[in-house]
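Report on one structure; see the data block that follows.
The values are calculated or read from the model by the stated rules, or taken from the named source; none is laboratory data. All values reported here derive from a predicted model rather than from experimental measurement. Positions of Cβ are generated from backbone atoms using ideal geometry, with glycine treated the same way; all protein chains shown enter the neighbour counts. Side chains included, ligands, DNA and RNA excluded: accessible areas come from the protein's heavy atoms. Shrake-Rupley method; radii C 1.70, N 1.55, O 1.52, S 1.80 Å.
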Amino acid sequence: MKAFDDPDPDADADPGPDADPGPDAEPGPDADPGGHYGETFFRPDAAGEGERIDFGALAYDDITMARLRALGVGPGWRCLDVGAGTGTVSRRLLDEAGVTSVLAVDRDVRFLGGLSVPGLDVREADITGPDFAPGPFHLVHARFVLMHLPERDRLIGALAGLVAPGGVLVLSDAVDLTSDRTPGTAYTAAMRAMWQGLGATIGTDVSWVPSYPRLLREAGLGPVAAEIHVPPLLPGSPISRFWADTWERSREAMVSTGLVDDAAVDAAVRYLDSDECAALSAGMLTAWGWKPGEGSR
């Protein structure tokens, strides 16, 4: 992939005011159960939330960066990092890949506000708003974002619309590897309760994530491809600490399902930190699709 010419700077206009997604409805592929990530659970102002996000970054950032570098991301690229969290990917795009600029967007930018990195622009915005249109970008990247939002088909199309001709949209989200054939352990019970509880309260839904390649193709991108990474669950590892912390913060939703009680959640946390743990973490599926036009491979 060759470097791109810098697009029209006037295209990076400020987005409109934040807008909530559609009306309340029963949880489903494009439904809004009423609660929202970062409000009902995983509030940015809660003590230790930034550390929880960083545990996830430690587990996945190297994989994300390896994929982005393999796609050719580098000097001359103008990038959008959606749901930037604590800014680890945004910073590494600038420091390691040497991209020209990164616009880091999140609904709450308290973990990004103190960053002072040449080429980094931080913006507080809601990507579900109809006026969010800051592009075009050579790379549009979103990790662990769409799985928590309704209207996913529409949002994939909207993000594809922010990609410059010859650029690429890269989406990563979780895939659940527990199933009816998975041995019944404290861990599998907790994971099933977590997905069900978060689905009922804030609309988290990972069941559609394997459809990413098809959805990217339907959004007019191509060629498309995808891969899955599953970090090992080891006592004290970043991913094990991430899940333990995530269960603590979503405990109310998990218990409300009736699948677990507080004692079962505590047992699952202990299991994760023991040598007895023999389980698969949820995986991260990453899919990408190229916008046809000059500058493509």
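Within the stretch 46-55, the residues that satisfy the criterion of being assigned to a helix (DSSP H, G or I) and either surrounded by 17 or more Cβ atoms within 10 Å (Cβ to Cβ) or of a type outside the set (D, E) (or both) are E49, G50, R52, I53, D54, F55. Residues that are small (G, A, S) and either within 24 Å of E51 (Cα to Cα) or free of Cβ contacts under 8 Å to residues at least 40 places away in the same chain (or both) within the stretch 94-143 comprise A97, G98, S101, A104, G113, G114, S116, G119, A125, A142, listed in sequence order. With respect to the stated conditions, V255 fails to be at pLDDT 95 or above, crowded, with 20+ Cβ neighbours inside 10 Å and touching a helix residue (DSSP H, G or I) at 6+ places or on another chain (Cβ under 8 Å). I'm trying to understand the selection: among the residues of the stretch 214-230, which are surrounded by 18 or more Cβ atoms within 10 Å (Cβ to Cβ), out of contact with any strand residue (DSSP E or B) (no Cβ under 6 Å at 6 or more places or on another chain) and not in a helix (DSSP H, G or I)? Selection gives A219 alone. When you look at L234, is it modelled with pLDDT of 95 or more, open to solvent by 50 Å² or more (accessible area, probe 1.4 Å) and at negative phi, yes or no? For L234, the condition - modelled with pLDDT of 95 or more, open to solvent by 50 Å² or more (accessible area, probe 1.4 Å) and at negative phi - is met. Just give me the residues in the stretch 139-156 being within 12 Å of the chain's Cα centre (by Cα), more than 27 Å from L234 (Cβ to Cβ) and open to solvent by 10 Å² or more (accessible area, probe 1.4 Å), in sequence order. Within the stretch 139-156, L149 is the sole residue that qualifies. Would you pick out the residues in the stretch 56-80 that are crowded, with 20+ Cβ neighbours inside 10 Å, in a helix (DSSP H, G or I) and not aliphatic (A, V, I, L, M)? Correct list: G56, Y60, T64. Given the criteria open to solvent by less than 30 Å² (accessible area, probe 1.4 Å), of a type outside the set (D, E), in contact with a strand residue (DSSP E or B) (Cβ under 8 Å, 6 or more places away or on another chain) and on the phi > 0 side of the Ramachandran plot, does G203 qualify? Answer is yes for this residue. Scanning the stretch 231-248 for residues that are of a type in the set (G, A, S) and in a loop (DSSP other than H, G, I, E, B) yields G236, S237. When the stretch 77-93 is filtered for residues that are of a type in the set (A, V, I, L, M, F, W, C) and within 22 Å of E51 (Cα to Cα), the ones remaining, listed by number, are V82, A84, V89, L93.
If the condition is being more than 19 Å from L169 (Cα to Cα) and of a type in the set (S, T, N, Q), then the stretch 109-150 contributes only S116.
Considering S211, S179, the condition of being surrounded by fewer than 23 Cβ atoms within 10 Å (Cβ to Cβ), assigned to a helix (DSSP H, G or I) and without any contact (Cβ under 8 Å) to a residue 12 or more places away in the chain is satisfied by S211 alone.
Here the stretch 81-119 is the region considered, the condition is being assigned to a strand (DSSP E or B) and within 22 Å of I63 (Cβ to Cβ), and the residue that is most open to solvent (accessible area, probe 1.4 Å) is D106.
For the condition open to solvent by less than 30 Å² (accessible area, probe 1.4 Å) and free of Cβ contacts under 8 Å to residues at least 60 places away in the same chain, L159 does not qualify. When V265 is tested against (1) touching a helix residue (DSSP H, G or I) at 6+ places or on another chain (Cβ under 7 Å); (2) open to solvent by 40 Å² or more (accessible area, probe 1.4 Å), only condition (2) is not met.
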